[in-house]
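What follows is one structure encoded as structure tokens, with my remarks underneath.
None of the figures in this text is laboratory data; all of them are computed from the coordinates on show. What you see is a predicted model; the values in this text were computed from it and never measured. FYI the Cβ positions are ideal-geometry reconstructions off the backbone, even for glycines, and counts take in every protein chain you see.
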Amino acid sequence: DAKTTQPTSMDCAEGRAANLPCNHSTISGNEYVYWYRQIHSQGPQYIIHGLKNNETNEMASLIITEDRKSSTLILPHATLRDTAVYYCIVRGNNNDMRFGAGTRLTVKP
Amino acid sequence: GAGVSQSPSNKVTEKGKDVELRCDPISGHTALYWYRQRLGQGLEFLIYFQGNSAPDKSGLPSDRFSAERTGESVSTLTIQRTQQEDSAVYLCASSRPRDRGRGYTFGSGTRLTVV
């Protein structure tokens, strides 16, 4: 599976959009990009995933570059409850998912 | 059940004792995973079961760690002769095979403290 690179930490003001970047320059054609988040003391929670088209759901939007070497998770109106560690993962057909260290997002009032 | 259930939620054990952690996956989920998360760190892959295939044990840190799964249901993770470095939250997740939907569903984990 391709490895990912994310910033260690980010801050965001409450009510503003949070844009979390992820680099996955070695991604292969059949690998999807997944995003999870982990709020303190809980198990990781699925957010969104995509292959090459941009995706949107009730939680977030996922923007994948045309070359698929990077992506951005967007939380359009961050709240204090969005403070968490956000993991970007690429996943292929082997159904295996390896988590990195993620980005610690802190939403500030 | 509705979600992935792990037990116990907390376990305190003395160094050198064996512990057994349990995971009940979502019904119909043939894939099951164990991860370890030390305080303030990311998730560390331990082992992966997929149906009747041989498990992927590549993440087990030592031969003190082992895991079993009964068919496509319950899994147990056993740690023998526990050490203080084993203290962590042990997370279990399950998914449908080749699931391109919502991916994994995680349990709330077992917090293991070795004293």
Defining a contact as two alpha carbons under 8 Å apart and six or more residues distant in sequence, what relative contact order in percent does the range B:13-110 show? 35 percent
Exposure proxy check: A:Cys12, A:Cys88 ranked by fewest other beta carbons within 10 Å? A:Cys12, A:Cys88
Find how many whole Å separate the alpha carbon centroid of the range A:32-68 from the alpha carbon centroid of the range B:1-80. 25 Å
Looking only at other chains, what is the average number of their beta-carbon atoms within 10 angstrom of each beta-carbon in B:37-50? 3
How high is the relative contact order of chain A, in percent, counting Cα pairs under 8 Å that sit 6 or more residues apart? 37 percent
Can you list the residues, at least 5 places off or on another chain, whose amide H is less than 5 Å from the amide H of A:Arg16, using H built in the peptide plane? A:Ala78
Debye log10 I(q)/I(0) at q = 0.10, 0.16 Å⁻¹ for the protein assembly as shown, Cα point scatterers: -0.46, -1.11
At a Förster distance of 25 Å, what's the computed FRET efficiency of A:Arg16 paired with B:Ser5, Cβ-Cβ distance as r, to 0.05? 0.10
